[in-house]
């Protein structure tokens, strides 16, 4: 059962630089952007993208954080205690272009929850989605506007994104998880 | 399966929260209380939004069942449920089949048959909510039972103090008034002690028997002080309790006037506490009896904050409780 590294620190850095360029290219009015990171690992990714955009376009754009626990549709099936983290959107979202940032796009349900949360806070001009990894297996019609790496995977595999800010190291790894039948 | 495979299965951490019902906080751990505080913080953010509503408890039904009067507790539970997207309904015992003799357990079973996932109840008899839990599947929240407990009030009191002082550990709390008959005092004594606060109780000996400070009286040990000036010395948080005026009729107080002279929290007496001491009151307040009006509306009073925090704390509790219910 070996862990396979699919992105190194250098890969992640280059990918985030590329996504930052794409965000600037797609959004002509960079000043109107807000990046919103979804807890936990979307938050450091959003900050890194904002730093890149400031480097490339000379514009400092606001970064917000979003906890989607209160918008999930699976409260009763969660095995662990629901811990709600801090939500902080520093500016009014009305009329803004929001780029949601998350580490892995999987079923799409987190993104659905995040969009519900954002639209409860106002009426953004548009919402885009940036993810580091798209691993497939969507259960609702959602797609990302910016994808770091497409990683077709099996549902039995576990994709772990580790970041300096939360885990002390930058890497993305894939490991097969033993299922209940195997165990 | 090889041993290497076993290693890849991370052990699941034991959940912090251990309750299906909230009957008192005497069996709450420090970690559980901190989980409530952290979740309350998130709920306050929701309450600060233009649309104060999230769908976390959509599809859940909460029913409040009150056999005693209430303004704050009942309303704040109903608002908390609605803010989380749950359906809320309420039943007053005085306007229901209870007046035709329907028993407590039959009443709660009926509420459950009507779809209640959570029943919030207040009852004049200590232990009533505990008995109900043996007969129903719904989660029961005690919103006050007899002299026994009022856990959600204590949690919002603790949260309010914590919000101002950042930590509770080592703080000196004084609770003044009719401690003997107070469920608010009992739940606060448990919560404050669990959080590492130093608790002093103050009141006339008829309303605060000395054995209440001893450990064997179904309470953790506290300091008993019948003299209000000595009790207030160096306090960080001062909680006054409502004096139930019927106590005089039952002979426990010679006169309300004497109580006012000896135990009213006055501005002069409050100066004996720390300059930044907080003043709390669970409400409703008898101004000019247990507390001077200038203090109720003064800068050290957090009485209105307690009410506002009550909604956020109850949202947190409903959310945590619903999250630990079986689907």
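The values are calculated or read from the model by the stated rules, or taken from the named source; none is laboratory data. Worth saying up front: this structure is predicted, and the values here are computed from it rather than measured. Neighbour counts are summed over all protein chains in view; Cβ atoms, including those assigned to glycine, are modelled from backbone coordinates with ideal geometry.
Which one of these does residue A:121 not meet: (1) within 14 Å of another protein chain (Cβ to nearest Cβ); (2) out of contact with any helix residue (DSSP H, G or I) (no Cβ under 8 Å at 6 or more places or on another chain); (3) farther than 21 Å from residue A:33 by Cβ?
(3)
Among the residues of the stretch B:245-262, is there at least one that is in contact with a strand residue (DSSP E or B) (Cβ under 8 Å, 6 or more places away or on another chain) and touching a residue at least 12 places away in the same chain (Cβ under 8 Å)?
Looking through the stretch B:245-262, none of the residues is in contact with a strand residue (DSSP E or B) (Cβ under 8 Å, 6 or more places away or on another chain) and touching a residue at least 12 places away in the same chain (Cβ under 8 Å).
Among B:245, B:262, B:253, B:272, which is more than 26 Å from residue B:170 (Cβ to Cβ) and in contact with a helix residue (DSSP H, G or I) (Cβ under 6 Å, 6 or more places away or on another chain)?
None of the other options fit; the residue is B:253.
Looking for whichever is modelled with pLDDT under 95, more than 26 Å from residue A:74 (Cβ to Cβ) and out of contact with any helix residue (DSSP H, G or I) (no Cβ under 7 Å at 6 or more places or on another chain) here; the options are B:107, B:71. Which one fits?
Result of the check over B:107, B:71: B:71.
Considering only residues of the stretch B:59-69 that are surrounded by 19 or more Cβ atoms within 10 Å (Cβ to Cβ) and more than 14 Å from chain A (Cβ to nearest Cβ), which is nearest to residue B:85 (Cα to Cα)?
Among residues in the stretch B:59-69 that are surrounded by 19 or more Cβ atoms within 10 Å (Cβ to Cβ) and more than 14 Å from chain A (Cβ to nearest Cβ), the one nearest to residue B:85 (Cα to Cα) is B:62.
Which pairs turn up if I take residues in the stretch B:15-26 that are within 13 Å of chain A (Cβ to nearest Cβ) and look for partners that are in a loop (DSSP other than H, G, I, E, B) with beta carbon separation below 6 Å, at least 6 apart in sequence or on another chain?
That search, which allows pairs on different chains as well, returns B:15/A:80; B:15/A:81; B:16/A:81; B:17/A:81; B:17/B:324.
Here is a list: B:81, B:143, B:56, B:116. Which entry is surrounded by 23 or more Cβ atoms within 10 Å (Cβ to Cβ), within 14 Å of chain A (Cβ to nearest Cβ) and modelled with pLDDT of 95 or more?
Just one listed residue meets the conditions, B:81.
Considering (1) within 24 Å of the chain's Cα centre (by Cα); (2) surrounded by fewer than 22 Cβ atoms within 10 Å (Cβ to Cβ), say which one residue B:188 fails and leave the rest.
It is condition (2) that residue B:188 fails.
For the stretch A:88-117, give me the residue count where each residue is touching a strand residue (DSSP E or B) at 6+ places or on another chain (Cβ under 7 Å) and closer than 20 Å to residue A:163 by Cβ.
The total comes to 11.
I need every pair where a residue in the stretch A:57-81 that is facing chain B (nearest Cβ under 7 Å) and within 23 Å of residue A:32 (Cα to Cα) has its Cβ under 7 Å from the Cβ of a residue that is at pLDDT below 70 and surrounded by fewer than 14 Cβ atoms within 10 Å (Cβ to Cβ), sequence separation at least 6 or different chains.
Correct list of pairs: empty, since none qualify.
Can you spot a residue in the stretch B:27-43 that is assigned to a loop (DSSP other than H, G, I, E, B), more than 29 Å from residue A:112 (Cβ to Cβ), in contact with a helix residue (DSSP H, G or I) (Cβ under 6 Å, 6 or more places away or on another chain) and modelled with pLDDT of 95 or more?
Checking the stretch B:27-43: not a single residue is assigned to a loop (DSSP other than H, G, I, E, B), more than 29 Å from residue A:112 (Cβ to Cβ), in contact with a helix residue (DSSP H, G or I) (Cβ under 6 Å, 6 or more places away or on another chain) and modelled with pLDDT of 95 or more.
Can you find a residue in the stretch A:90-106 that is within 14 Å of chain B (Cβ to nearest Cβ), more than 27 Å from residue A:170 (Cβ to Cβ), buried (at least 23 other Cβ atoms within 10 Å of the Cβ) and at pLDDT 90 or above?
Checking the stretch A:90-106: not a single residue is within 14 Å of chain B (Cβ to nearest Cβ), more than 27 Å from residue A:170 (Cβ to Cβ), buried (at least 23 other Cβ atoms within 10 Å of the Cβ) and at pLDDT 90 or above.
From A:142, A:127, A:111, A:133, grab the single residue that is within 17 Å of the chain's Cα centre (by Cα), assigned to a helix (DSSP H, G or I), modelled with pLDDT of 95 or more and more than 14 Å from chain B (Cβ to nearest Cβ).
A:111
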